[in-house]
1. State which residue pairs qualify: first residue buried (at least 22 other Cβ atoms within 10 Å of the Cβ) and inside the range 62-87, second residue charged (D, E, K, R) in any location, beta carbons under 7 Å apart, and separation of 6 or more residues or different chains.
2. State which residue is nearest to Asp88 (Cα to Cα) when the search covers only the range 101-115 and only residues that are small (Gly, Ala, Ser) and open to solvent by 60 Å² or more (accessible area, probe 1.4 Å).
3. Can you tell me which residue among Thr144, Thr130, Thr118 is open to solvent by less than 70 Å² (accessible area, probe 1.4 Å) and either in a loop (DSSP other than H, G, I, E, B) or free of Cβ contacts under 8 Å to residues at least 60 places away in the same chain (or both)?
4. Please work out if Ala150 is open to solvent by less than 60 Å² (accessible area, probe 1.4 Å) and part of a loop (DSSP other than H, G, I, E, B).
5. Just to check your reading of the model, which residue among Lys94, Lys39 is surrounded by 12 or more Cβ atoms within 10 Å (Cβ to Cβ), of a type in the set (Lys, Arg) and at pLDDT 95 or above?
Amino acid sequence: MARTILAGMTALALSASVFAQAPAGNLEAALAAAPANLKDGAMVIKWKADGTYDTLRPGTNTLVCYDQSGEPSEQPFSSQCTQVGNLDRVKQNKQYEAKEADRAKREAALAELEKAGTRVKPVFGSVFYTVSGKDQASARRHVTISVPSATTASLGLPDNGKAGGAWIMGAGTTGAHIMTPGS
């Protein structure tokens, strides 16, 4: 009797630990783009094909990171972090990437959302940190700052990087962002 109870409790404990485990994901790869001062408190997620995600690790700050290596339109190694408030924008991007492999067609579809006023806006002033490349060792860091609907006139920044400084890309759209040189 005692053996049966012990076996039952062991089976219950094992099944509970299986259900308590986080979904599989590579935390190290997901956090590769995180700034050192925000890394420990960043939320880590794993995107699913349908645009939803699993939380691999809850966060204690507003940064969320995810490994997007090998996803459609991404490099073999690709990690991105941004503010949690941008997840709806990223979700919309990923849903359109899954629907349309052709970049020009996908951008045209997103432009239609922009015209219709249904394009999700990122949080003004939020940062997108990205590290991507053929592998992690040769990956390049890229940092942009979201400034939805901003223009060259409203920010006083040029619309190209010819002068070597920061510049605004996508001015006047929900995707307007400040490009940072050297990143």
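The values are calculated or read from the model by the stated rules, or taken from the named source; none is laboratory data. Predicted model only: the values in this text are computed from it and were never measured. All Cβ positions, even for glycine, are placed from backbone atoms using ideal geometry, and neighbour counts span all protein chains on display. These accessible areas exclude ligands, DNA and RNA; they are computed on the full protein's heavy atoms, side chains included. Shrake-Rupley method; radii C 1.70, N 1.55, O 1.52, S 1.80 Å.
1. Going by the 7 Å Cβ cut-off, the qualifying pairs are Tyr66/Lys46; Gln68/Glu74; Ser79/Asp67.
2. By that ranking, first place goes to Ala101.
3. None of the others qualify; the one that does is Thr144.
4. Here the answer is yes, as Ala150 does meet what is asked.
5. Lys39
Table: residues versus (1) in contact with a Pro (Cβ under 9 Å, 6 or more places away or on another chain); (2) at pLDDT below 95.
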site: Pro122; (1), (2): yes, no
site: Phe128; (1), (2): yes, no
site: Thr151; (1), (2): no, no
site: Gly156; (1), (2): no, no
site: Lys162; (1), (2): no, yes
site: Thr174; (1), (2): yes, no
site: Ile178; (1), (2): no, no
